[in-house]
Amino acid sequence: MCPLPLLAAAVAASRTPRRLLGRGLAAAMSAAGRLKSVDYEVFGRVQGVCFRMYTEGEAKKIGVVGWVKNTSKGTVTGQVQGPEEKVNSMMFWLSKVGSPSSRIDRTNFSNEKTISKLEYSNFSIRY
């Protein structure tokens, strides 16, 4: 026999239209799985200190995709894509942590947007 609280919950659920139950689940799933893309440029002592290599490693550890490269003006630029929380973690790393020998003066983020699908399959160093 079904315990009374469990039985009451089953009866209440059977009276709730399925489309409403599904909508709540779909909304929760889409919020959790929202994909984000952001471009970045890191200023400071970020060239000649293995910044790109550490960025690639951190991106793979966190689970984001995109790219990183040195610029002719002494900065490092790139793009990060992935689930919103993971991209936010990478943004923190790019602005506050960096490679062990680097000095981050500032990081500019631009073109921050929600995307429907990833444009990259991995994270790479560009030359």
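Under a point spin-label approximation (7 Å from Cα along Cα-to-Cβ), what is the PHE109-ARG45 distance to one decimal in nm?
Result for the modelled spin labels: 2.6 nm.
Taking 0.36 nm per intervening residue step and subtracting the Cα-Cα distance, what contour gain separates ARG34 from THR71 on full extension?
10.3 nm is the gain from fully extending ARG34 to THR71.
Leaving out ligands, DNA and RNA, and with a 1.4 Å probe, what % of the accessible surface on the stretch 46-127 is carbon or sulfur?
On the way: 2210 of 4780 Å².
For the stretch 46-127, the apolar C and S fraction of the accessible surface comes to 46 percent.
What does the charge count around SER101 come to, taking other residues whose C-beta lies under 13 Å from its C-beta (Lys +1, Arg +1, Asp -1, Glu -1)?
Neighbour charge sum, excluding SER101 itself: +3.
Might you tell me the accessible area per residue for the stretch 55-127, computed with a 1.4 Å probe and given in Å²?
Accessible surface, normalised per residue, equals 58 Å².
At 1.4 Å probe size, with no ligands or nucleic acids counted, give the accessible surface of SER72 in Å², nearest ten.
The accessible area of SER72 comes to roughly 130 Å².
If the chain between SER95 and SER116 were fully stretched, how many nm would it gain, using 0.36 nm times the residue separation less the Cα-Cα distance?
5.0 nm
The values are calculated or read from the model by the stated rules, or taken from the named source; none is laboratory data. Small disclaimer: the values here were computed from a predicted structure and weren't measured. Here Cβ is always computed from backbone atoms with ideal geometry, including for glycine, and neighbour counts include all displayed protein chains. With ligands, DNA and RNA removed, areas are computed over all heavy atoms of the protein, side chains included. Shrake-Rupley method; radii C 1.70, N 1.55, O 1.52, S 1.80 Å.
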